[in-house]
Amino acid sequence: MPERRTVALVTLGCARNEVDSEELAGRLEADGWQLVEDAGDADVAVVNTCGFVEAAKKDSVDALLEANDLKSHSRTQAVVAVGCMAERYGKELAEALPEADGVLGFDDYADISDRLQTILSGGIHASHTPRDRRKLLPISPARRQESAAVVALPGHGPTDLPEGVAPASGPRAPLRRRLGGSPVASVKLASGCDRRCSFCAIPSFRGSFISRRPSDVLNETRWLAEQGVREIMLVSENNTSYGKDLGDIRLLESLLPELAEVDGIERVRVSYLQPAEMRPGLIDVLTSTPKVAPYFDLSFQHSAPGVLRAMRRFGDTDRFLELLDTIRSKAPEAGVRSNFIVGFPGETEADLAELERFLNGARLDAIGVFGYSDEEGTEAATYDDKLDEDVVAERLAHVSRLAEELVSQRAEERGGETVHVLVESVDEDDEEAAAYGRAAHQAPETDGQVLFTRGEGLRVGRMVEAKVVGAEGVDLVAEPLEGSLGCPEEAGR
């Protein structure tokens, strides 16, 4: 019997890319490829790139170069770029980076096995030619679903596949193969974005907004629960728009309780919410539904009205603070995180002071701060009133320091709270059995974690009730409550 072809997927960027990688893994394994963790053990290393900002693009190029270096001293024979950077730049990336043996776009995903086999066999597959993916779907959201079948939508793979088509397939198996054993997994709710923020290029290469059908989201969640997942995080470019192309802008409000009732799922988290699209009904569901985390990942970006208008966004400091007050009136323990851009073209000292006023009043649990830089193809890149790079760097450093202080203060405020923590790591070799997890206000990778004061009896994937007894920066220190671990047999589930 010939040796199986091996492939490793290296994923950079956001949780949406992680979902896309697991779809590619499902397609490849279904076609006979053996998936390996280490790129040096693979015939083909597939790098799922990020194309959002300059730092992410650099990381993607570095990952491709690192994988290419493996060809001189390991099994690796080919390196292939996929993902957002490959989709956005295509041939341009291939010409600038000849070390990549292939540059594949989203349209290649359905035939990923054939593409990799061609490249591995020494053949040449023409590099992807970029195009504005917003033009692939009708302008009217109501007409998009009928066109979805002929447009490549990564992460929208079908469910209810025939036996044998997907790993561990059954009546609810999606076209997906898990690439890790974490008790948390992302589920794609939609793709693309209809907003036209002047600094963002994502819609041009991710396309217009299109929702997945609720049945597909539910089926995938059931399958993930069968794989041992205990928390799902709903991801897209804009979850608050979910359902608008399915005829019901309030569809998320009805879907969330159904997801929370899936057997085995302990927590449902929603990410990527637009402040301007928040509605009372959605706030109610997020703050009152059992097993749905009262977690608000709100994309504020700034709070000075003039800057927000230049960004083609809406709101201001007082309206944003009012929104947060509404949320906390319903769920005082709710978690809130956001990202901000400083040094945007035309930003004044008064604008910066207004942003500081908002940050000081918002009591955010996690804050990401980025300095503005031009992104080609965006409206903001054409603005004349750019700030000097030194000014942007100075403002970035200043606001970053403030943000660090504020999130530390917010963590300290949580002292004495009772939190439900999903255990994600237990170091059995540590004398004190160190264990870590995340509370409802902490999303994976971005929002800090909870360190348990003792790890005896804790198991990965278990939801534990604990009392916050301290803070270390943005992280919390918590003591498991007596009786929250249950019997030894239950704790090991």
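The values are calculated or read from the model by the stated rules, or taken from the named source; none is laboratory data. As the structure is a computational prediction, the values presented were derived from the model and not from experiment. Don't worry about glycine lacking a Cβ; one is built from the backbone with ideal geometry, like all the others, and counts go over all protein chains shown. Accessible surface areas use protein heavy atoms only, side chains included; no ligands, DNA or RNA. Shrake-Rupley method; radii C 1.70, N 1.55, O 1.52, S 1.80 Å.
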For the range 6-44 the number of residues that are under 15 Å from ARG176 (Cβ atoms) and either touching a Cys at 6+ places or on another chain (Cβ under 6 Å) or among the polar types (S, T, N, Q) (or both) is 3
Per the filter on the range 269-285, residues under 20 Å from the mean Cα position of the chain (by Cα), within 16 Å of HIS441 (Cα to Cα) and either of a type in the set (A, V, I, L, M, F, W, C) or not in a strand (DSSP E or B) (or both) are VAL270, SER271, TYR272, LEU273
Among the numbered criteria (1) over 16 Å from ALA100 (Cβ atoms); (2) open to solvent by 50 Å² or more (accessible area, probe 1.4 Å), which one does GLY32 miss?
(2)
Name the pairs whose Cβ atoms lie under 6 Å apart, with the first residue in the range 359-376 and closer than 22 Å to VAL450 by Cα, the second modelled with pLDDT under 95 and assigned to a strand (DSSP E or B), and 6 or more positions between them or separate chains?
none
Report yes if GLU146 is free of Cβ contacts under 8 Å to residues at least 60 places away in the same chain and among the acidic types (Asp, Glu), otherwise no.
yes
Taking the conditions exactly as written (at pLDDT 95 or above, open to solvent by 20 Å² or more (accessible area, probe 1.4 Å) and assigned to a helix (DSSP H, G or I)), does ARG319 satisfy them or not?
yes
Within 30 Å of VAL468 (Cα to Cα) and either outside any helix (DSSP H, G or I) or open to solvent by less than 80 Å² (accessible area, probe 1.4 Å) (or both), is that true of VAL407?
yes
Do we have GLN77 as over 25 Å from ASN238 (Cα atoms), in contact with an Asp or Glu (Cβ under 7 Å, 6 or more places away or on another chain) and open to solvent by 30 Å² or more (accessible area, probe 1.4 Å) here?
yes
Flagged in the range 335-348 as loosely packed, with under 15 Cβ neighbours inside 10 Å and either in contact with a strand residue (DSSP E or B) (Cβ under 7 Å, 6 or more places away or on another chain) or on the phi > 0 side of the Ramachandran plot (or both), in numbering order, are none
Please indicate, with yes or no, whether at least one residue in the range 254-265 is among the hydroxyl-bearing types (Ser, Thr, Tyr), out of contact with any His (no Cβ under 8 Å at 6 or more places or on another chain) and either at pLDDT below 95 or open to solvent by less than 10 Å² (accessible area, probe 1.4 Å) (or both).
no
Restricting the first residue to the range 223-238 and requiring it to be among the hydrophobic types (A, V, I, L, M, F, W, C), which pairs with a second residue that is open to solvent by 30 Å² or more (accessible area, probe 1.4 Å) meet a Cβ separation below 6 Å and a spacing of at least six or different chains?
TRP223/ARG172
So which residues in the range 294-311 are assigned to a loop (DSSP other than H, G, I, E, B), under 17 Å from GLY361 (Cα atoms) and of a type outside the set (S, T, N, Q), if there are any at all?
PHE300, HIS302, ALA304
Would you confirm, using the coordinates I've provided, whether THR6 is β-branched (Val, Ile, Thr), more than 28 Å from MET233 (Cα to Cα) and either touching a helix residue (DSSP H, G or I) at 6+ places or on another chain (Cβ under 7 Å) or open to solvent by 50 Å² or more (accessible area, probe 1.4 Å) (or both)?
yes
So which of VAL36, VAL46, VAL10 ends up being touching a residue at least 60 places away in the same chain (Cβ under 8 Å) and of a type in the set (A, V, I, L, M, F, W, C)?
VAL46
State all residues of the range 349-365 that are among the aliphatic types (A, V, I, L, M), crowded, with 16+ Cβ neighbours inside 10 Å and assigned to a helix (DSSP H, G or I); if no residue qualifies, say none.
LEU352, LEU355, LEU359, ALA362
Suppose we keep only residues that are under 20 Å from PHE296 (Cβ atoms) and in contact with a Phe, Trp or Tyr (Cβ under 9 Å, 6 or more places away or on another chain) within the range 366-382. Which one would you say is most open to solvent (accessible area, probe 1.4 Å)?
PHE370
Among the residues listed as LEU70, LEU24, the single one being without any contact (Cβ under 8 Å) to a residue 40 or more places away in the chain, assigned to a helix (DSSP H, G or I) and over 30 Å from ASP374 (Cα atoms):
LEU70
Just to check your reading of the model, which residue among PRO332, PRO275, PRO290 is modelled with pLDDT of 95 or more, open to solvent by 30 Å² or more (accessible area, probe 1.4 Å) and touching a helix residue (DSSP H, G or I) at 6+ places or on another chain (Cβ under 7 Å)?
PRO290
Do you know which of the residues in the range 176-197 that are crowded, with 24+ Cβ neighbours inside 10 Å and assigned to a loop (DSSP other than H, G, I, E, B) is modelled with the highest pLDDT?
LEU189
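Run down GLY416, GLY457, GLY461 and say which single residue is touching a helix residue (DSSP H, G or I) at 6+ places or on another chain (Cβ under 7 Å) and assigned to a loop (DSSP other than H, G, I, E, B).
Criteria check complete, one pass: GLY457.
Looking only at the range 27-67, count every residue that is assigned to a loop (DSSP other than H, G, I, E, B), more than 20 Å from PRO203 (Cα to Cα) and not small (Gly, Ala, Ser) and tell me the total.
6
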Exactly one of these conditions fails for PHE314: (1) assigned to a helix (DSSP H, G or I); (2) free of Cβ contacts under 8 Å to residues at least 40 places away in the same chain. Give me its number.
(1)
Please go through (1) within 30 Å of TYR372 (Cβ to Cβ); (2) without any contact (Cβ under 8 Å) to a residue 12 or more places away in the chain for ARG269 and return the number of the only condition it doesn't satisfy.
(2)
All but one of (1) over 25 Å from LEU259 (Cα atoms); (2) polar (S, T, N, Q); (3) modelled with pLDDT of 90 or more; (4) open to solvent by less than 40 Å² (accessible area, probe 1.4 Å) hold for SER127; state the number of the condition that does not hold.
(3)
